[in-house]
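Contents: one structure, followed by commentary.
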Amino acid sequence: MGETILVTNGTLITWADPNKIIEDGAVYIENGVIRQIGPSAELEGQHPDVERLDAGGRLVMPGNICAHTHFYGAFARGMAIPGSPPDAFPQILRKLWWPLDKALRPEDIRISALLCLVDAIRHGTTTLFDHHASPNAIGGSLDVIADAVEEAGVRACLCYEVTDRDGPDKAHAGIAENERFIKAARDRELIAATFGLHASLTLSDETLAACAAAAEALDTGFHIHLAEHEIDEYDSIAKSGLRAAHRLEKFGILGPKTITAHAVHVDAWEMLTLRDTGTWVTHQPRSNMNNGVGTAPVEEMLRGGIKVGMGNDGFSNNMWAEWKAAYLVHKLAHRDPRRSPGTDIAKMAIHNNADLAAVYFPDSPPGRLAPGAAGDLI
């Protein structure tokens, strides 16, 4: 981001583990990277000529991270779906999301991204992992989003959702867009890239194999929906005799750079596979409630050592609201007020999200207030 500035007179929330709070603290940022943190008086003496920003005693902390979103979902807010209401998630896909993504053109992609980015900035979210689909505007679509992200001045990891639901030509076009953009993103400071896939239920064996082969030379992982609804499991068993996570493992999709969104309906053996492959899981409680798909077993996953982060699945980029939903929904689902304690929320939304961001932004990782981290402060 290029700026050099000294933020002074702040109450620093470092999000270290354990968290450390520094009263009347200062942060020295050089060329967009945090170089020093410490008492205001000390850093003011060391950097007398640097531009200053007086925080006025307010909280200063790293920007929030959203580990799974869909910018184009901005168009679904308040949208009335024609006909009778969908009775389950598969109908929501067929009646809302798949007609919507087919309607997108480059200008729609740009505007929806900008709207979501304004929302992110207003609510202190400065790093986002977007999952994009626009089957009638595939080539160059990720550049449109990347340009919007750079205009907004935040950072994002982008991908294109490969699927077979629109035919083999568009599946191959999606593969090509991921390949092209993963290479192009290496020269963009605020942009990272991964290889997008929709979900096991809309991917054939041939397409999964083609995606795995294309990604092999790119040093990347994948970003895919997993077991958001039972249909993903039923479809996988019918296709392969394997549950969804095991089918993805068979094709080399899982691993320490791969993000699996939702994992609401994975079983214990799939959890073991997710853990042993080092695969990331993201929790999106507001979306899961809205779609009526269930409550993900994230407490069990965290206890077993699975790396669970938090996203929003295209809901508002107010991640504080996602934190609150995660804190509440598990208590209701299990009828137990002891469930989903604040320590679990912090583990997902703060620490694991920061660890995930470091995978894709290793040179100056966001999410922590420490020397060497990105100067993405709120």
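Taking all protein chains together and a 1.4 Å probe, the residues L272, L59, L332, L100 rank L332, L59, L272, L100 from largest to smallest accessible area.
Using C-alpha pairs under 8 Å with a sequence gap of at least 6, the mean separation divided by the residue count of segment 148-235 gives a relative contact order of 31 percent. Applying the criteria of a DSSP loop state and at most 11 other Cβ atoms within 10 Å to the trypsin sites (Lys or Arg not before Pro) of segment 29-66 yields R58.
Taking all protein chains as shown and a probe of 1.4 angstrom, D164 keeps an accessible surface of around 40 Å².
Annotation note: trypsin sites (Lys or Arg not before Pro) in segment 67-156 located in DSSP loop regions with a Cβ neighbour count of at most 12 within 10 Å are R77. Of interest is the spacing of the C-alpha centroids, which for segment 303-361 and segment 199-229 amounts to 25 Å. Please give me the summed charge of the neighbours of A238: other residues whose Cβ is under 14 Å from its Cβ, Lys and Arg +1, Asp and Glu -1. Combined, the nearby Lys, Arg, Asp and Glu give -2.
Any idea what the relative contact order of the chain is, in percent, if you count C-alpha pairs under 8 Å spaced at least 6 apart?
On the way: 789 pairs, mean separation 71.9, N = 378.
This gives 19 percent for the chain.
GluC sites (Glu not before Pro) within segment 3-71: which are DSSP loop residues with at most 16 other Cβ atoms inside 10 Å?
On the way: sites: E3, E23, E30, E42, E44, E51; in loops: E3, E51.
Of the GluC sites (Glu not before Pro), the ones in loops of segment 3-71 whose Cβ has at most 16 other Cβ atoms within 10 Å are E3, E51.
The helix-based estimate of mean residue ellipticity at 222 nm for the chain, built from -39,500 (n - 2.57) per DSSP H run of four or more residues and divided by its residue count, is -11000 deg cm²/dmol to the nearest 500. Our summary gives segment 1-148 a relative contact order of 23 percent, counting only alpha carbon pairs under 8 angstrom and 6 or more residues apart. Using the Karplus relation 6.51 cos²θ - 1.76 cosθ + 1.60 with θ = phi - 60°, the per-residue 3J(HN,Hα) values for segment 36-45 come to 8, 9, x, x, 4, 4, 5, 6, 5, x Hz, with x marking Gly and Pro. Over segment 120-162, the fraction of Cα-Cα pairs per 5 Å bin, rounded to whole percents and listed from the shortest bin up, is 6, 22, 30, 21, 14, 6, 1.
Equivalent-ellipsoid semi-axes for the chain (Cα gyration tensor, √(5λ), whole Å, largest first): 35, 23, 19.
For the chain, a Gaussian network of Cα nodes joined below 10 Å ranks G38, G342, G78 by mean-square fluctuation, and the top entry is G78.
Between the alpha-carbon centres of segment 150-179 and segment 1-45 there is a gap of 37 Å. Candidate cross-link partners of K324 among the lysines, defined by an alpha-carbon separation under 30 Å and a same-chain spacing of 8 or more, comprise K20, K95, K257, K307, K347.
The 1.4 Å probe gives accessible areas that order W320, W269, largest first, as W269, W320. Can you tell me how segment 265-355 classifies by the Cα gyration tensor, rounded, prolate or oblate, using a/c under 1.5 as the rounded cut? Rounded, because the longest to shortest axis ratio a/c is under 1.5. Close amide H pairs (under 5 Å, H built 1.01 Å from N) link F222 with F195, T258, I259, residues at least 5 positions away or on another chain.
Among residues other than T8 whose Cβ falls under 12 Å from its Cβ, what is the net charge (Lys/Arg +1, Asp/Glu -1)? Working shown, then result.
Working: positive: R52, R58; negative: D24, E42, E44, E51, D54.
Combined, the nearby Lys, Arg, Asp and Glu give -3.
The values are calculated or read from the model by the stated rules, or taken from the named source; none is laboratory data. Quantities reported herein were computed from a predicted structural model and do not represent experimental measurements. Every residue, glycine as well, gets a Cβ built from its backbone with ideal geometry; the counts of neighbours run over all protein chains shown. Side chains are part of the model used for accessible areas, which takes the heavy atoms of the whole protein and leaves out ligands, DNA and RNA. Shrake-Rupley method; radii C 1.70, N 1.55, O 1.52, S 1.80 Å.
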